[in-house]
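Undergrad: Below you will find the structure I want to go over with you.
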Amino acid sequence: MNSQINSANQYLNDWLKQVVDQVQPSQVKWCDGSDEEYDQLVSDMVASQDLMPLNQETYPNCFLYRSHPDDVARSEHLTYICTKEKSDVGDNNNWLSSQDGHQRVDPLFAGSMKGRTMYVIPYCMGPLESPYAQFGVEVTDSPYVVVNMKKMTTMGSQVLEKINHLGPKFVRGLHCTGDLSPNRRWIMHFPEEMMIKSFGSGYGGNALLGKKCHALRLASYQAKQEGWLAEHMLIVGIENPQGEKVYVAAAFPSACGKTNLAMLIPPESYPGWKIWTVGDDIAWLFPGDDGRLWAINPEAGFFGVAPGTSEKTNPHAFHMLRKNTLFTNVGLTASNEPWWEGKDKSSPAYNWRGQSASESTNSQPFAHPNARFTVSCAECSSYEQQPPGGVPISAILFGSRRAELVPLVFQAKNWLEGVLAGAAMCSETTAAATGEIGVLRNDPMAMKPFCGYNFGDYWAHWIEVGKKLSHPPQIFHVNWFRQDKDGQFMWPGFGENIRVLEWVVARSNNRLDAQVSPLGYLPIGSDISLTGLDDMTPEELARLLYVDGAAYAAHLENVLAYFKKFSPKTPSVLLEACQAMIAQLKS
Ligand code: OXD
Ligand code: MN
């Protein structure tokens, strides 16, 4: 077996030989990343009934995967960052010493691939020729992981060529499906060793190691050492009717509409406006020599939430999913098309577990609320091929899901108050992670599940990055999810969010005045256009923008207490900015 471990990178060979000895696969398969390899894996999985072809006339080259019912989302409570010092990792993460982390998972890997194929996936995060690209090798026994990695990353022989010359500078990711029991599941990160060990889950965020594990947790740790940022952000280009394009990065917690915002189609009342999709989930942000912040999307595909995706909410995605897509845990119609809540007028015949409509319990959704689609970026008609050097960011949005309190939009007065706006984010939990849904929790910069180090150091790092920027992006906070007293959403969202983006762009270009408030700058009512939005009155818009000073101050008191949990790491300037804002809101 070890004779098959023959790359030109000795560090890679040494690691793979250890892995083979540990997991004892029946064969090793190096993934070349070709379409033929993908097709072969898909047809093998269809033959073994791990994958089900969907209606090939209406959904050509689309397949359905049904996961184990206990393995449908990220397992945050089983996700650990393992380092020498606990204080490096902070209370925002589960921590184990590196030694204990290895000791906990290694016995599970012993002999875990007996009788199975071990796939070796060399992958690249970011455009292959980008100076910002990062490399990794994922070893897995899951063909589902291989076919998903093919869509989500650049992978295969051309990547191995590059890794051959990297010496030890690549991430080693070991993944094994195990028996999928949550009692034998761990997602362990060893940032000091550039290593990931994930056992017992096939779910995307736990098993596609290039994504959350590498591109966010390990990358954020690395970015701290090297002076850049790895963030849970979409990236879009916003083009106005004059043809000017401005790039915006936006952080929202999981399953809060990042993919929809990334692919927004403006309404008819916004002729000439266009949104270009650069990325929908992760942004790596680098201070440039020109004092601006430059961004790349490290991913090559979308792993999006299917429920709620429709012709109305996200027409680009709705059409892109009609071919070459892997679906996970959606329902099925009688004509073998994928089905999810909020899709269209069709009816489901089977739920995500394969039970027929008569067998399934009425109150249960037919698609799992975290059902996903995996599709290459190239399939999206609004996708913009990113230049290797990235795109310059003019504005950063932080967005939380808040039924109350938080206005539709405000602009921070400066970088520090922008960092405060991001760090103060609280949002309601969603089905993207196991656990209760709708619980309000602190989710700074939407990075609670993804920051690979101590939040105190993270906020300090954000402040430091700002100091390197002579032309920093303007920072905004948005909330599409405010509700009225009857529990109805007050803002229509989706394509109509362009109205807020228009204000964001104008403010970033210094083209509009604004009202000054303790929170930051607020739109002067009429500056958010309501043209063509017949259902909304200026009074309703005023309610959406209303800030209850006392209630907001109370929220920030809680945030301050949260910040203090990370002291002495929490930067004192952040605490002072928060205290000053509380005092102003109260006065
Ligand atoms: C995702 C997530 O899958 O945030 O992007 O959970
Ligand atoms: Mn995400």
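The values are calculated or read from the model by the stated rules, or taken from the named source; none is laboratory data. Worth saying up front: this structure is predicted, and the values here are computed from it rather than measured. Heavy atoms of the whole protein, side chains included, go into the accessibility calculation; ligands, DNA and RNA do not. Shrake-Rupley method; radii C 1.70, N 1.55, O 1.52, S 1.80 Å.
Undergrad: How big is the range 253-373 on each of its three principal axes, counting only the C-alpha atoms and giving the largest first in Å?
TA: That gives 62, 32, 26 Å along the principal axes, largest extent first.
Undergrad: Compute the Rg/Rh shape ratio of the range 406-500: radius of gyration over Kirkwood radius, all on alpha-carbon atoms.
TA: Result for the range 406-500 is an Rg/Rh of 1.01.
Undergrad: Work out from phi, with θ = phi - 60° and the Karplus expression 6.51 cos²θ - 1.76 cosθ + 1.60, the ³J(HN,Hα) of each residue of the range 367-384, listed in order in whole Hz, and give x for Gly and Pro.
TA: Once rounded to whole Hz, the list reads 8, 5, x, 10, 4, 10, 10, 10, 8, 5, 4, 4, 6, 8, 6, 9, 5, 10.
Undergrad: In whole Hz and in residue order, list the ³J(HN,Hα) couplings for the range 476-493 that follow from phi through the Karplus curve 6.51 cos²θ - 1.76 cosθ + 1.60, θ = phi - 60°; x for Gly and Pro.
TA: 10, 10, 10, 9, 7, 10, 5, 10, 8, 5, 8, x, 8, 4, 8, 10, x, x
Undergrad: Now, a different point. Between the range 143-157 and the range 558-587, how far is it from one alpha carbon centroid to the other, in angstrom?
TA: If we compute the Cα centre of each part, the gap is 43 Å.
Undergrad: In units of 2.2 N^0.38 Å, what is the alpha-carbon radius of gyration of the range 335-385?
TA: Ratio of Rg to 2.2 N^0.38 Å for the range 335-385: 1.43.
Undergrad: Let me check the size of the chain from its C-alpha atoms; what are the radius of gyration and Dmax in Å?
TA: Expressed in Å, the Cα Rg and Dmax of the chain come to 23.4, 73.
Undergrad: Students often forget the sequence filter, so: which aspartates and glutamates lie under 14 Å Cα-Cα from K312 once same-chain residues fewer than 8 apart are removed?
TA: Counting by Cα, and skipping residues close in sequence, K312 has these aspartates and glutamates nearby: E268, E341, D344, E496.
Undergrad: Counting only Cα atoms, I'd like the Rg/Rh figure for the range 58-123, Kirkwood definition for Rh.
TA: My calculation of the ratio gives 1.11.
Undergrad: For the range 7-89, what does the equivalent ellipsoid look like in terms of its semi-axes, each the square root of 5 times an eigenvalue of the Cα gyration tensor, given largest first in whole Å?
TA: 33, 23, 13
Undergrad: Over the range 194-255, with every protein chain in place, what whole percent of the accessible area is carbon and sulfur at 1.4 Å, could you tell me?
TA: After summing per-atom areas, the C and S share lands at 45 percent.
Undergrad: Looking at this model, which pairs from K150/K197; K211/K323; K169/K197; K448/K485; K151/K258; K86/K224 are more than 26 angstrom apart at the alpha-carbon?
TA: K448/K485
Undergrad: Okay, moving on. Binning at 5 angstrom from zero up to the longest distance, how are the C-alpha pair distances of the range 174-255 distributed in percent?
TA: Per 5 Å bin, starting at 0, the Cα pair percentages come out as 3, 13, 17, 17, 15, 12, 8, 6, 4, 3, 1, 0.
Undergrad: For the range 422-447 and the range 179-245, write down the distance between their C-alpha centroids in whole Å.
TA: 17 Å
Undergrad: In whole percent, and with a 1.4 Å probe on the protein chains, what portion of the accessible area of the range 317-400 is carbon and sulfur?
TA: Here it works out to 49 percent.
Undergrad: Here's something else I'd like to know. I'd like to check one number: the per residue accessible area of the chain, probe 1.4 Å, reported in Å² as a whole number.
TA: I get 38 Å² per residue for the chain.
Undergrad: What is the projected area of the convex hull of the Cα atoms of the range 362-431, averaged over all directions, in nm²?
TA: If I average the Cα hull's projected area over directions, I get 8.5 nm².
Undergrad: So how many Å³ per residue does the convex hull of the Cα atoms of the range 472-536 work out to?
TA: 112 Å³
Undergrad: Nearest 5 percent is fine: what portion of the DSSP beta bridges confined to the chain is antiparallel?
TA: In the chain, DSSP labels about 65 percent of beta bridges as antiparallel.
Undergrad: For the range 86-157, report the % of Cα-Cα distances exceeding 19 Å.
TA: Value for the range 86-157 (Cα pairs over 19 Å): 57 percent.
Undergrad: In addition: Which whole-angstrom value gives the distance between the alpha carbon centres of the range 32-93 and the range 314-348?
TA: 18 Å
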